[in-house]
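**Q** Here it is: the structure, laid out below.
The values are calculated or read from the model by the stated rules, or taken from the named source; none is laboratory data. This is a predicted model, so every value here is computed, not measured. Neighbour counts are summed over all protein chains in view; Cβ atoms, including those assigned to glycine, are modelled from backbone coordinates with ideal geometry.
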Amino acid sequence: MQSQVVRNCDGQPYCAAVPFQYRYGGSDSLEMNNDTVTEFILLGLSNDPLTQIFLFVFLTTVYIVILLGNTLIIFLTITDQCLHTPMYFFLFNLSLLDILYSTSSLPRMLKDLLSLHKSISFGECAAQMYFALSFGISECILLVVMAYDRYIAICYPLHYTSIIKKSLCIKIAISIYICGFMLSISHVALTLNVNLCGHNKINHFVCEVPEILSLGCENISVVEFVIYLGVIVLLLTPVTFIAISYIQIILTILNLASGAGKQKAFSTCSSHIMVVTIFYGSAMAAYMKPKSSSAPDNDKMIALFYLFLTPLLNPFIYTIRNKDVKESLKKLDRFM
């Protein structure tokens, strides 16, 4: 508040208080008089300069490995005729999604590690959140499809080619991307519709739905409930379906007479189970935890798992434990 001298009807002066309107300057760039947020400040993983340099070098290496590893899988599945099967078609899409998913966040994070002002515009934040959610949801659905593919291949091997056709695989892949991009719209729209009352400091290294909601200054229980319900559908439902599929797969494998057949089936499925465990486990820890137990540092570590660790490990998991991919790598080595 600030004082201003005015006169009453009798001409006598008196002091009147008038509202003091102000703006934040610098990187905050907020108009506090109407509570409009024009940009956010990402606090990142650390404020220590040496730690930031170390993180930049480390995460740059991680990003390069993600790009090279997943690009190699994509190249092998395209060029090797032996890998032109539904299983490897879905693996191709998983590698593509891993590249897109990590690219939606990591380059921006690397830029912020070298910047003094870690601000991100409202539009950039919305775009980052939208694309990360779209690729993440698409990967959730794809992992379910890959589990179903293994279920048909092991439990109904004689009917596999008649059920899982090439045309069906293409339709499924297109549907996965459409679902991912459509379902994320509602989450982002609900999140960005929350009144932030000028709060713009995000204690994270990326724009995430829980972190944006934590800035809200009004009762957002309805919004949180709707988003939480969506998370349950997108995480618990796929996990349940995958669990049921693998119970059936394990029972079928145990009934196989051939020891070699059991080993091959277990080897194929164990790769997928490892990926599912890392991805869904970290995603559920981030999005389904009670609000009271939320700790910023823990949230950041969990986010590193599903944003970067899964895309980093997928190429290694599928090449080390997969005989067909290893044979394809040997062919490539001989050709070079």
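**Q** Counting only residues that are assigned to a loop (DSSP other than H, G, I, E, B) and buried (at least 21 other Cβ atoms within 10 Å of the Cβ), how many does segment 58-115 have?
**A** So the answer is 2.
Every residue, every condition in (1) free of Cβ contacts under 8 Å to residues at least 40 places away in the same chain; (2) charged (D, E, K, R); (3) on the phi > 0 side of the Ramachandran plot, yes or no:
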{"site": "VAL37", "(1), (2), (3)": "no, no, no"}
{"site": "LEU45", "(1), (2), (3)": "no, no, no"}
{"site": "PHE92", "(1), (2), (3)": "yes, no, no"}
{"site": "ARG108", "(1), (2), (3)": "no, yes, no"}
{"site": "LEU113", "(1), (2), (3)": "no, no, no"}
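**Q** Let me ask something additional. I'm trying to understand the selection: among the residues of segment 131-186, which are out of contact with any Leu (no Cβ under 7 Å at 6 or more places or on another chain) and of a type in the set (Asp, Glu)?
**A** Once the filter is applied, which keeps residues that are out of contact with any Leu (no Cβ under 7 Å at 6 or more places or on another chain) and of a type in the set (Asp, Glu), segment 131-186 yields only ASP149.
**Q** Within segment 311-325, is there a residue that is hydroxyl-bearing (Ser, Thr, Tyr), at pLDDT 80 or above, closer than 19 Å to ASN93 by Cβ and surrounded by 14 or more Cβ atoms within 10 Å (Cβ to Cβ)?
**A** No - not one qualifying residue is present in segment 311-325.
**Q** Count, please, the residues in segment 169-223 that happen to be small (Gly, Ala, Ser), modelled with pLDDT of 85 or more and farther than 30 Å from LEU55 by Cβ.
**A** Applying the first criterion (small (Gly, Ala, Ser)) to segment 169-223 yields 173, 175, 180, 184, 186, 189, 198, 214, 216, 221.
Narrowing further to those that are modelled with pLDDT of 85 or more: 173, 175, 180, 184, 186, 189.
Retained after the next criterion (residues that are farther than 30 Å from LEU55 by Cβ): 173, 175, 186, 189.
Qualifying residue count for the region: 4.
**Q** Let me ask something else about it. How many residues, within segment 138-169, are among the β-branched types (Val, Ile, Thr), over 23 Å from the mean Cα position of the chain (by Cα) and either exposed (fewer than 13 other Cβ atoms within 10 Å of the Cβ) or in a helix (DSSP H, G or I) (or both)? Even if it seems obvious, please write down each step before you answer.
**A** Of the residues in segment 138-169, the ones among the β-branched types (Val, Ile, Thr) are 141, 144-145, 152, 154, 161, 163-164.
Filter again for over 23 Å from the mean Cα position of the chain (by Cα), leaving 152, 154, 161, 163-164.
Checking which are either exposed (fewer than 13 other Cβ atoms within 10 Å of the Cβ) or in a helix (DSSP H, G or I) (or both) leaves us with 152, 154, 161, 163.
Matching residues across segment 138-169 total 4.
**Q** May I pose another question? Just give me the residues in segment 17-65 being aromatic (Phe, Trp, Tyr) and at pLDDT below 85, in sequence order.
**A** Hits for segment 17-65 are PHE20, TYR22, TYR24.
**Q** From the list LEU97, LEU106, exactly one residue is touching an Asp or Glu at 6+ places or on another chain (Cβ under 6 Å) and among the aliphatic types (A, V, I, L, M). Which is it?
**A** LEU97
**Q** Only residues that are in contact (Cβ under 8 Å) with a residue 40 or more places away in the chain and more than 15 Å from the chain's Cα centre (by Cα): list them for segment 269-283, please.
**A** Across segment 269-283, the qualifying residues are CYS269, SER270, SER271, HIS272, MET274.
**Q** Evaluate the following for SER119: is it among the polar types (S, T, N, Q), out of contact with any strand residue (DSSP E or B) (no Cβ under 6 Å at 6 or more places or on another chain), surrounded by 15 or more Cβ atoms within 10 Å (Cβ to Cβ) and in contact (Cβ under 8 Å) with a residue 24 or more places away in the chain?
**A** No.
**Q** Across segment 170-225, what is the number of residues that are closer than 25 Å to LEU113 by Cβ, part of a loop (DSSP other than H, G, I, E, B) and of a type in the set (Val, Ile, Thr)?
**A** Residues flagged as closer than 25 Å to LEU113 by Cβ, part of a loop (DSSP other than H, G, I, E, B) and of a type in the set (Val, Ile, Thr) within segment 170-225 amount to 1.
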